[in-house]
Amino acid sequence: MKKRIKEVIVVEGKTDTAVLKSLFDVDTIETHGLALSDQTLEMIKTMAESRGVIILTDPDYPGSKIRRMIVEAVPLAKHAFVAKQDAIGEKKLGIAEAKREAIVKAVEEAVTFVKSQESLSWEEFIDLGIFGDKKKRLKVYEVFHLGYGNAKTLYKRLNMAGITYDDVKNAKK
């Protein structure tokens with residue numbers, strides 16, 4: 001029996017929907033890639049209010065751009081991220097090509113970003129030794145299921161998720 005996902009998952013295309021439906025009992029909204037229309041954004045807003053939404057886009061530049069467009073309309077959307085190395089197929093990069101276990105993990109560990117007071121100061125972030133250390137940065141992204149990005153993006157996402165200096169320090173052990 002497949003797990004029922006309460007939220008509606010926003011994906012880029014019909015192959016992403018097919019993969020998700022093979023793994024979960026789930027409803028999806030497809031953005032049709034970067035062709036995300038105002039009408040689709042309105043539907044995403046409506047679903048966010050009634051059921052909640054999880055954004056699951058490809059781990060590439062267009063996927064990040066689509067995610068940003070949706071977040072502008074639905075700031076409290078949940079985010080699911082599949083790592084780039086888990087989403088590489090023979091000829092493409094994307095959710096439809098991703099390892100099934102990576103998709104399941106991403107959906108089950110979806111996070112909500114909320115704008116709040118700073119949970120981690122820039123000085124604390126620097127003190128953690130993440131800035132300038134790609135290996136550490138990628139580990140923190142992985143541990144907290146925050147997707148992928150540069151150090152500034154990680155700092156921003158840690159704050160959006162309310163993760164503190166101590167949370168990061170303890171997680172690194």
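Here are some notes:
- Filter result for residue 6 (farther than 15 Å from residue 71 by Cα and not in a helix (DSSP H, G or I)): yes
- One residue alone among 58, 86 is touching a Leu at 6+ places or on another chain (Cβ under 9 Å) and not aliphatic (A, V, I, L, M), and that residue is 58.
- Sub-6 Å Cβ pairs linking a first residue in the stretch 83-107 that is in contact (Cβ under 8 Å) with a residue 40 or more places away in the chain to a second residue that is in a helix (DSSP H, G or I) and among the polar types (S, T, N, Q), at least 6 apart or interchain, are 96/15, ordered by first then second residue.
- Hits in the stretch 78-109 - residues which are of a type in the set (A, V, I, L, M) and within 17 Å of residue 149 (Cβ to Cβ): 80, 82, 83, 87, 93, 106
- Exactly one residue among 78, 156, 91, 134 is farther than 24 Å from residue 49 by Cα and at pLDDT 90 or above, and that residue is 134.
- Among the residues of the stretch 1-44, those identified as buried (at least 19 other Cβ atoms within 10 Å of the Cβ) and in contact with a Phe, Trp or Tyr (Cβ under 9 Å, 6 or more places away or on another chain) are 5, 9.
- Some residue of the stretch 59-73 being closer than 18 Å to residue 148 by Cα, in contact (Cβ under 8 Å) with a residue 40 or more places away in the chain and not in a helix (DSSP H, G or I): yes
- Test: residue in the stretch 131-139 that is closer than 17 Å to residue 57 by Cα, without any contact (Cβ under 8 Å) to a residue 40 or more places away in the chain and of a type outside the set (A, V, I, L, M): no
- Qualifying positions in the stretch 46-58 - within 14 Å of the chain's Cα centre (by Cα) and in a loop (DSSP other than H, G, I, E, B): 56, 57, 58
- For the stretch 18-44, the set of residues classified as in a helix (DSSP H, G or I), over 16 Å from the mean Cα position of the chain (by Cα) and under 20 Å from residue 87 (Cβ atoms) consists of 18, 19, 21, 22, 23, listed by residue number.
- On the stretch given as the stretch 136-168, residues that are assigned to a helix (DSSP H, G or I) and crowded, with 20+ Cβ neighbours inside 10 Å total 9.
- Index of the failed condition, residue 47 passing every other in (1) surrounded by 14 or more Cβ atoms within 10 Å (Cβ to Cβ); (2) within 18 Å of residue 81 (Cα to Cα): (2)
The values are calculated or read from the model by the stated rules, or taken from the named source; none is laboratory data. Just so you know, these numbers come straight off a predicted model, no measurement behind them. Neighbour counts are summed over all protein chains in view; Cβ atoms, including those assigned to glycine, are modelled from backbone coordinates with ideal geometry.
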